[in-house]
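Worksheet: one structure, shown below.
The values are calculated or read from the model by the stated rules, or taken from the named source; none is laboratory data. A quick note: this is a predicted structure, and the numbers were derived from the prediction, not measured. Here the Cβ positions follow ideal geometry from the backbone for every residue, glycine too, while neighbour counts run over all protein chains shown. Remember, those area values only see protein heavy atoms, side chains included, never the ligands or the DNA or RNA. Shrake-Rupley method; radii C 1.70, N 1.55, O 1.52, S 1.80 Å.
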Amino acid sequence: VGGGGALGGQTLWQKLRQRRAAGWPSADGEVQSVDIRRKNGYTVVVQYRYYARSQYHYGKYARHFRRKQQAEQFAETLRGRHIQVRYQEDKPTVSVVLDHDLRMTGALQIG
């Protein structure tokens, strides 16, 4: 039960971050790696690189799935892909990948 509560809190935090970042500038991001971790379901962890304010920066996006097949499908869709990354204008090392942006490119159709 504790894992489910922590997961719920993490999901809420991610949604709040995404809402705040919706107005941030965006950059083209390149997916560097995609891993699937099993704990209370399956978490896909995407590590990406993006260019902002004359430098490369790195970030991470994670999404939880209940079913292994959904996690594998999402991971495969993102491998080697370019994605839109939002970054904080005054601190470009802070970045967020919006679910909305992933849906718009077709990378997020499930979950």
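Measure nothing fancy, just the Cα-based angle from helix 68-78's long axis to the longest principal axis of the chain, in degrees from 0 to 90, nearest 10.
That helix lies at roughly 20 degrees to the long axis.
Starting at the first residue of the stretch 84-97, write each ³J(HN,Hα) from the Karplus equation 6.51 cos²θ - 1.76 cosθ + 1.60 with θ = phi - 60°, in whole Hz, x for Gly and Pro.
The phi angles translate into 7, 10, 9, 9, 6, 4, 8, 8, x, 6, 8, 9, 9, 9 Hz.
To the nearest 10 degrees, how steep is helix 2-21 against the longest Cα principal axis of the chain, on a 0 to 90 scale?
So the inclination is approximately 20 degrees.
For Gln88 and Glu30, FRET efficiency with R0 = 22 Å and r from the beta-carbon atoms, rounded to 0.05?
My answer for the efficiency is 0.70.
Pick out, in residue order, every one of the trypsin sites (Lys or Arg not before Pro) in the stretch 52-92 that is DSSP loop and has at most 12 other C-beta atoms within 10 Å; say none if there are none.
Arg66, Arg67, Arg79
When N is the residue count of the chain, what does its C-alpha Rg come to as a fraction of 2.2 N^0.38 Å?
After normalising by residue count via 2.2 N^0.38 Å, the value is 1.05.
Skipping prolines and chain starts, which residues have an amide H placed within reach, meaning under 5 Å, of the one on Arg81, given they are 5 or more residues away or on another chain?
Excluding prolines and chain starts, which carry no amide H, the hits are Val31.
Label points 7 Å out from Cα along the Cβ direction at Leu12 and Val45: separation in nm?
2.4 nm
Ignoring ligands, DNA and RNA, what percent of the 1.4 Å accessible area of the chain is carbon and sulfur?
Its accessible area is 46 percent carbon and sulfur atoms.
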